[in-house]
1. Restricting attention to region 102-145, which residues are within 13 Å of GLY194 (Cα to Cα) and of a type in the set (Phe, Trp, Tyr)?
2. When you check CYS61 against the structure, is it buried (at least 16 other Cβ atoms within 10 Å of the Cβ), at pLDDT 90 or above and within 30 Å of GLU219 (Cβ to Cβ), yes or no?
3. Pick from region 189-222 the residues that are farther than 21 Å from ARG126 by Cα and in a loop (DSSP other than H, G, I, E, B): which of them is modelled with the lowest pLDDT?
4. Determine, yes or no, whether LYS2 is basic (Lys, Arg) and modelled with pLDDT under 90.
5. Check whether at least one residue in region 68-83 is in contact with a helix residue (DSSP H, G or I) (Cβ under 9 Å, 6 or more places away or on another chain), modelled with pLDDT under 90 and buried (at least 22 other Cβ atoms within 10 Å of the Cβ), and report yes or no.
6. When region 5-40 is examined, which residues are found to be exposed (fewer than 14 other Cβ atoms within 10 Å of the Cβ) and at pLDDT 75 or above?
7. In region 152-188, how many residues are part of a helix (DSSP H, G or I), among the hydroxyl-bearing types (Ser, Thr, Tyr) and surrounded by fewer than 18 Cβ atoms within 10 Å (Cβ to Cβ)?
Amino acid sequence: MKNGFLNLILRNPEELWSDVEGTKVSSLMLNLTGTTIVASFIYGAATGCYVGGMQILITGCKIPVLFLGTLLICSALIYMISRILVNTLTFYQSIMIPLISITITSVILAAWAPVVLLFSVSLKFRVYSNYVGLVLLLTFSMATAGIVSIWYLYRGVRALVKSRGKVVALIFSWIIIYQFVCSQFAWILRPFVGSSSDRISFEGNFYEAVPLLIKKFIENAF
């Protein structure tokens, strides 16, 4: 990741919006994809340190696959919704703006990596309360990164779409689509904490698992 491109993403995103409207789409997409892969791999590798060994590489690879794979799966639906709500957006624009948001999410998660690494290497493996605590930390870090990226997403759409009502409707639609697909895709790729041979697992889906995790964490803590 080049510092200049990171500064551009975090401090001067308006230049990115102009690139989305211009002819630099290919180079911008390459830079965004590369940054997303590296940054999200760092976060995933820090998570994998809870188990160590090959799990560092496996979990490191899962996060980029999750983020970019979800966008790929949703791309046709995102474009269709964009054409219905805002018929001025091209296919590339309707994909590039969420990609910028995903890149920002990945960069923020990379900043979380040292904190995640500290907990991963210091918590005793195969202790259930430690496992649940680490999962909740990862959920919180993902949530904070997601909130910030939504703000950038709003700024990006606002730069290309003048109607505030259409901006809100478009972003809300994108978030709903991406969130549901990403959550289920993450469920398919699990576990992110622990190895595939661990017996700690939950039936159902992501939305059933998080309340159960919180309940189990409270029961074990108190």
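1. PHE125, TYR128, TYR131
2. Details: buried (at least 16 other Cβ atoms within 10 Å of the Cβ): yes; at pLDDT 90 or above: yes; within 30 Å of GLU219 (Cβ to Cβ): no.
Against the criterion (buried (at least 16 other Cβ atoms within 10 Å of the Cβ), at pLDDT 90 or above and within 30 Å of GLU219 (Cβ to Cβ)), CYS61 does not qualify.
3. The qualifying residue modelled with the lowest pLDDT is GLY204.
4. Numbers: basic (Lys, Arg): yes; modelled with pLDDT under 90: yes.
Yes; evaluated as a whole, the condition is true for this residue.
5. Yes, region 68-83 contains at least one residue that is in contact with a helix residue (DSSP H, G or I) (Cβ under 9 Å, 6 or more places away or on another chain), modelled with pLDDT under 90 and buried (at least 22 other Cβ atoms within 10 Å of the Cβ).
6. SER26, SER27, LEU30
7. 3
Listed here are the residues, each with its yes/no results for (1) within 29 Å of GLY48 (Cα to Cα); (2) of a type outside the set (Val, Ile, Thr); (3) out of contact with any strand residue (DSSP E or B) (no Cβ under 8 Å at 6 or more places or on another chain); (4) in contact (Cβ under 8 Å) with a residue 12 or more places away in the chain.
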{"residue": "ILE97", "(1), (2), (3), (4)": "no, no, yes, yes"}
{"residue": "ALA113", "(1), (2), (3), (4)": "yes, yes, yes, yes"}
{"residue": "VAL116", "(1), (2), (3), (4)": "yes, no, yes, yes"}
{"residue": "VAL135", "(1), (2), (3), (4)": "yes, no, yes, yes"}
{"residue": "GLY165", "(1), (2), (3), (4)": "no, yes, yes, no"}
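The values are calculated or read from the model by the stated rules, or taken from the named source; none is laboratory data. Note that the coordinates shown come from a computational prediction; the quantities given were computed from them, not determined experimentally. Positions of Cβ are backbone-derived with ideal geometry, glycine not excepted, and every protein chain shown enters the neighbour counts.
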